[in-house]
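The structure under discussion appears below in the form of structure tokens.
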Amino acid sequence: MRTEARFRGWLSPLPPPGLLRTLSLATLANTVGTGLWVTGVALYLTRVVGLSPTEVGLGLTIAGLVGLTASVPLGGLADRRDPRAVRAVLQVAQAVVAAAYLLVGSFPVFLLVATLDALLVSGNLAVRAALVAAVGGPQGRVHAFATLRAVANLGVAVGAGLAGFALVADTGWAYRLLVLGNVATYLVSAALIMRLPAYPPVRRTVRQRPGQALRDGPFLAVAGASAVLSLHWVALTLVLPLWVVARTDAPPVTVSAVLLVNTLLTVLLAVRLSRGARHALPAAATMRRAGLVLAAGMLLWAATSAVPTPAAIGLLLVATVIYTVGDLWHAGAGAALAYDLAAPDAIGAYQGVDGLLAGLARAAGPALLTWLILDGGAIGWLILAGLLAVTGLAVPPLTRRALASRAELRQTSGQPISSST
């Protein structure tokens, strides 16, 4: 019986019944909608609405950059209110905005709806991080974060699979059903979130200055390093597919295999690889290891342009396994550092800053990495690998500096210094 339960645990990322299970089901519903929408958005906007691919790309880029501005203020709102209620309200608001895509008929309307959507998405991520911290508590929040990441990957994969039926039908109503499906999943997610207990805000022993998280230099340094490491996601999802087609002898279908391997390993290993990074110092060591492992993955991807087809396919898959381990170490360590180095009564605001920096890196990443690697070839991969390795090595000293700064601040304010780190 125990062996059977353990086997089910390997196959399913859902935790045992309890608060985290409820939050996981809400995340699963939400990300099934994400999979539906992400898979069909480009075709809906071009084939049904009639926008050009250039208009879609430009609109999503502008909206994404504007959306980053909501991360810190909405994260701060979750510090002053019940994060469960705030997230549920934002999920309902996102359902309304998602439904508004059915009314889009021109580029200006699309830009307005996309911008509102991006503002809600960005702010919602910070609020979600605050809710995860409340549900998991100081000792379980990184585990909760890793669990939800595994569940999210499963949800996106299921949604993308369901969206395939609409793509096969390739009709206006099929694509509109994807929009409606996304709307429904937001509402289901909000209903599940409201089944959680209320989480009143932490009582503030010291009045926080407005924008404190944005002025916390040591925290910004650590979060900035994590943001630089997050460029690896752009390398996987954008640069590598173009590299496979343009610079290797591997067939294009190999890209699907690479992404499938990454998704499956994330579902299976996200929780297990987060166990060594629950607090700041061990998380910093894990982040250093992540940078080195990610660099190794980049080097192997670089080598795929110089080998015949069978070797290229093998190298791509092996490198993806290595990459995914580094990716999961980075995600777990990044969450632990963002939580542990934040002011205890400003978790949401600090998560908003962390998300803002990661968003800026990912916004700059596509243009930077496509130029660096697709124009520079293997040398570009080497430069990216060096950047990831050096950044990872810098995280432990930056973390020690941030901890020292936090301890000094608590001593001057008369607060007890946590021993959790």
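Identify, from the list L317, L337, the residue that is part of a helix (DSSP H, G or I) and open to solvent by 10 Å² or more (accessible area, probe 1.4 Å).
L317
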Next item on the list: Determine whether A302 is open to solvent by 20 Å² or more (accessible area, probe 1.4 Å) and more than 30 Å from G140 (Cβ to Cβ).
Entry: no
Notebook entry, point to check: How many residues are under 18 Å from G334 (Cβ atoms) and modelled with pLDDT under 90 when one looks only at the range 372-406?
Noted result: 1
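Given the structure, is V228 open to solvent by 40 Å² or more (accessible area, probe 1.4 Å), at pLDDT 90 or above and aliphatic (A, V, I, L, M)?
On the way: open to solvent by 40 Å² or more (accessible area, probe 1.4 Å): yes; at pLDDT 90 or above: yes; aliphatic (A, V, I, L, M): yes.
Judged against the criteria, V228 is a match.
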Next item on the list: For residues that are within 20 Å of V222 (Cβ to Cβ) and of a type outside the set (S, T, N, Q), scanning just the range 407-421, find the one that is modelled with the lowest pLDDT.
Entry: I417
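When you check G326 against the structure, is it open to solvent by less than 10 Å² (accessible area, probe 1.4 Å) and at pLDDT 95 or above, yes or no?
Working: open to solvent by less than 10 Å² (accessible area, probe 1.4 Å): yes; at pLDDT 95 or above: yes.
Criteria met by G326.
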Notebook entry, point to check: In the set P218, P201, which member is farther than 23 Å from W371 by Cβ, touching a residue at least 40 places away in the same chain (Cβ under 8 Å) and not in a helix (DSSP H, G or I)?
Noted result: P201
Check: Are any of the residues in the range 123-141 within 20 Å of T39 (Cα to Cα) and in contact (Cβ under 8 Å) with a residue 60 or more places away in the chain?
Finding: no
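Across the range 97-122, what is the number of residues that are assigned to a helix (DSSP H, G or I) and either in contact (Cβ under 8 Å) with a residue 60 or more places away in the chain or open to solvent by less than 40 Å² (accessible area, probe 1.4 Å) (or both)? Give the steps one after another, and end with the answer.
Taking the range 97-122 first, the residues assigned to a helix (DSSP H, G or I) are 97-103, 107-122.
Next, only the ones that are either in contact (Cβ under 8 Å) with a residue 60 or more places away in the chain or open to solvent by less than 40 Å² (accessible area, probe 1.4 Å) (or both) stay: 97-102, 110, 113-115, 117-118, 120, 122.
Here the count works out to 14.
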Item checked: From the options V132, V89, V127, residue that is among the β-branched types (V, I, T) and open to solvent by 10 Å² or more (accessible area, probe 1.4 Å) -> V89
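Let's see how each residue does on (1) under 22 Å from L154 (Cβ atoms); (2) open to solvent by 40 Å² or more (accessible area, probe 1.4 Å); (3) basic (K, R):
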residue: H232; (1), (2), (3): yes, no, no
residue: T237; (1), (2), (3): yes, yes, no
residue: V255; (1), (2), (3): yes, no, no
residue: V267; (1), (2), (3): yes, no, no
residue: A270; (1), (2), (3): yes, no, no
residue: G291; (1), (2), (3): no, no, no
residue: A295; (1), (2), (3): no, no, no
Notebook entry, point to check: Among the candidates L265, L259, L356, which residue alone is within 20 Å of the chain's Cα centre (by Cα) and either within 15 Å of L231 (Cα to Cα) or not aliphatic (A, V, I, L, M) (or both)?
Noted result: L356
Notebook entry, point to check: How do the pairs read when you match residues in the range 59-81 that are closer than 16 Å to A93 by Cβ with residues anywhere that are open to solvent by 70 Å² or more (accessible area, probe 1.4 Å), using Cβ under 8 Å and keeping only pairs 6 or more apart or on different chains?
Noted result: S71/L125
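The values are calculated or read from the model by the stated rules, or taken from the named source; none is laboratory data. These numbers were taken from a predicted model, which means no experiment stands behind them. In this analysis, Cβ positions are derived from the backbone assuming ideal geometry, glycine residues included, and neighbour counts consider all displayed protein chains. Calculation scope for accessible area: heavy atoms of the full protein, side chains included, ligands and nucleic acids excluded. Shrake-Rupley method; radii C 1.70, N 1.55, O 1.52, S 1.80 Å.
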